[in-house]
Amino acid sequence: MIEAGWAGEKIRHEAATLRVYTTIRRLRSFLGDALVTRDDGYLFDPEVAVRVE
């Protein structure tokens, strides 16, 4: 996730982990139930319509 979101940035492992968790928390606050947690990671709930403007 770090490489996808912050490509090429050099960051310590602990800081990178905190950054990912913080970003996921923010996404949950914006998206609510549209962000689903699974054993293999996160995804948008396929039952929820998402519109990008």
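For the reader, a short list of remarks on this structure follows.
- Computed over protein heavy atoms with a 1.4 Å probe, the accessible surface of the chain works out to 91 Å² per residue.
- Crossing angle, helix 13-31 versus the chain [Cα axis fit, 0-90 degrees, rounded to tens]: 20 degrees
- Loop trypsin sites (Lys or Arg not before Pro), the chain (other Cβ atoms within 10 Å of the site Cβ: 14 or fewer; DSSP): 10, 12, 51
- Cα-centred dipole magnitude for the chain, charges only on beta-carbon of K, R (+1) and D, E (-1), debye, nearest 20: 300 debye
The values are calculated or read from the model by the stated rules, or taken from the named source; none is laboratory data. Predicted model, so just to flag it, every value in this text is computed and none were measured. Here Cβ is always computed from backbone atoms with ideal geometry, including for glycine, and neighbour counts include all displayed protein chains. SASA here: full protein model, heavy atoms, side chains in, ligands and nucleic acids out. Shrake-Rupley method; radii C 1.70, N 1.55, O 1.52, S 1.80 Å.
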